[in-house]
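Below is one structure, written out as C-alpha cells; comments come after it.
Readers should treat all values here as calculations from the given coordinates under stated rules, not as data from a laboratory. Quick caveat: nothing in here was measured; it's all calculated off a predicted structure. Cβ: placed from backbone, ideal geometry, glycine included. Neighbour counts: every protein chain shown.
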Amino acid sequence: MQRQQQVRAQGVRGSCARRLVRRGLLRAQPTAGQVCRDPGGGEPALDAGREVGASSILDAVFLPNVHPALVPAIRGERRTAVGEALGVIETATVAAIIEAADAGLKGARVQLLEIRLADDLGGKGYLLFDGPVADVEAAVEIGAGRIAGSPGLAWRVIPRLHAEMADNLAADARFAARVRG
C-alpha cells in the first residue's frame, strides 16, 4: 500500500505529498479530494495529479486565494450560530463543497459555521452558513451557482432557525444519537 501511495503522490509536489501519505490522506483507491497548501505547487501540480490519478479522481478544485475562514473550518473548527438564518449546501464531492464554501464566503457577509468533508457521509460534503437572511441567501446562491452541475447538489436557506435546532447545531451537527434518546 505504501508503494502505491508513493506512486500516486507523484502528482502532488514535495513535502505536501509526503505529509498526505504519512497521514494516510493520499491513497491508491479513488478519493473524494485532498487539501494542501503548497506555495510551490499550484496548477502544474494539480495537472500532474490529474494525469497520475486519471479515472480515480472524482473531482478537483484549485483555489489560489482561499478565503481565510475556510482553512480552520476544513481543520474541523466550528462556530456558533449568531445570525437569523441558516444556509445549507450539500454535494457528492469534497472538492465541490470546498469550492462552494470559498465562493459563498467571498461573495457575501456570512460566517461559515461548519464544513463536513466525507467523514461518515459516504464521500459527500456539506456546509452551514450563518448570518442575516439576505446575506445567507446570497452566499448560498453564489456557492451553489459556482458548482452548478455538481453531482448531488442540494441547498436550502432557513430564514428563522428554530431555537431548539440552533441549540442542536451548537451542541454538535452529528445529533442523531441525541434525537434517538
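Points to keep in mind about this one:
- Sorting the segments 137-143, 55-61 by their mean number of nearby beta carbons within 10 angstrom, highest to lowest, gives 137-143, 55-61.
- A Förster radius of 30 Å combined with the Cβ-Cβ distance from Val133 to Val71 puts the calculated FRET efficiency at roughly 0.65.
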